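Step one of this worksheet: look at the structure below.
Throughout, read-outs are computed from the coordinates displayed, never taken from laboratory work. Small disclaimer: the values here were computed from a predicted structure and weren't measured. Quick reminder, even Gly has a Cβ in these numbers, built from the backbone with ideal geometry, and neighbours come from all protein chains shown.
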Amino acid sequence: MLYYLYMTGFFLARVVPLRFSYVVAELIARIYFLMAFRDRRVLRENMEVVIGPETSRRELNRNVLGIFKNFAKYLVDFFRFPRFTEDFISSNIDIQGRQNLDACLAQGRGAILVAPHLGNWELGAALVGGLGYEIYAIVLEHSNPRINDFFMSQRAINGVGNIPTGRSIKRCFKVLSRNKVLAIAADKDYTSTGVEVDFFGRKALLPRGAAVMALRTGAPIIFTVLTREKGDKFRLVFERPLEYDITGDSEQDVKTIIEGYASLFEEYIRKYPDQWYAFTKVWSPR
């Protein structure tokens, strides 16, 4: 059933003008907001940590509704994945810090892009591919094979390679050894082997993969994010590569690296709270 819903959305997004697609997506999001009791509760609990427990229930609900609306638009964008052209990029996307990625690749050890599930990370990865970089993304496979194949084919439109989570660590190392780009959404631990770090003043488990690969390969880590801006334009940001000292204590070094980019996650999530799609609990109840 879910597969046919995705295919219906895919078909409508491709044949209906973009602006109207966004209007329909926001309408569906409003209806879902009223019905999705569990998702609404989890998002509200996460938002209380991000924007403060003293925040009014009205303000929390406004942010949660914004998350549903922006996520609905995210799906529209994913269904409509463009083939990027110079005209499309100059008209719709503000790119900041691209020189940081180029400088890292000039070192010849590849580059690890870390991002939270914020804005539109799928479109961001596709844009990196559209700009001419060879990029591979570590992705969580969908339990439905047909939906999984659909997502993989959508990524491939702009040259984004798929590396399933936990499946092929050797392939990740190969990507970096060939001086290519490896992208990781690093704000959710799906393996139960994450590292506990301070995240918005509370303890949370974040995945260790990016930090481990950086230590083993010497590949620089760059925080990146693609956010939705006014008028449904986008901004793609590549921050300067993460700086850290290696002590020789591998576990402590991994934690230090994760804490380094977790602070950037916090900065951007605070700025765009209604674009952070944290539909699962990030923090355990106190």
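Per residue, how big is the convex hull around the C-alpha atoms of region 26-133? Give it to me in cubic angstrom, could you?
Convex hull volume per residue, Cα atoms: 146 Å³.
How many Å³ per residue does the convex hull of the Cα positions in region 2-77 occupy?
About 93 Å³ per residue, rounded to a whole number.
How much mean residue ellipticity at 222 nm does the chain get from its helices, if each DSSP H run of length 4 or more adds -39500 (n - 2.57) and you divide by all residues, to the nearest 500 deg cm²/dmol?
That comes out to -16500 deg cm²/dmol.
So what is the relative contact order of the chain, in percent, for Cα pairs below 8 Å that sit 6 or more residues apart?
RCO, the chain: 25 percent.
Quantify how much of the Cα-Cα distance distribution of region 94-174 extends past 22 Å, in percent.
Cα-Cα pairs in region 94-174 separated by more than 22 Å: 26 percent.
What are the ³J(HN,Hα) couplings of region 213-227, residue after residue, when phi is run through the Karplus curve with 6.51, -1.76, 1.60 and θ = phi - 60°? Round to Hz, x for glycine and proline.
5, 5, 5, 6, 10, x, 5, x, 9, 10, 6, 9, 7, 10, 10
May I ask what percent, to the nearest 5, of DSSP beta bridges between residues of the chain are antiparallel?
35
Assuming R0 = 30 Å, can you tell me the calculated FRET efficiency for the pair Arg240 and Glu59, based on Cβ-Cβ distance, to the nearest 0.05?
About 0.35, to the nearest 0.05.
Can you give me the P(r) profile for region 84-275? Cα pairs, bins 5 angstrom wide beginning at 0, each as a whole percent.
In whole percents, the pair-distance histogram is 1, 8, 16, 20, 22, 17, 10, 4, 1, 0.
So, in the chain, how many Lys pairs have Cα atoms under 25 Å apart, if the pair is 8 or more places apart or on different chains?
Close lysine pairs found across the chain: 29.
How big is region 207-286 by Rg and Dmax over its Cα atoms, in Å?
Cα only, region 207-286: 15.0, 48 Å (Rg, Dmax).
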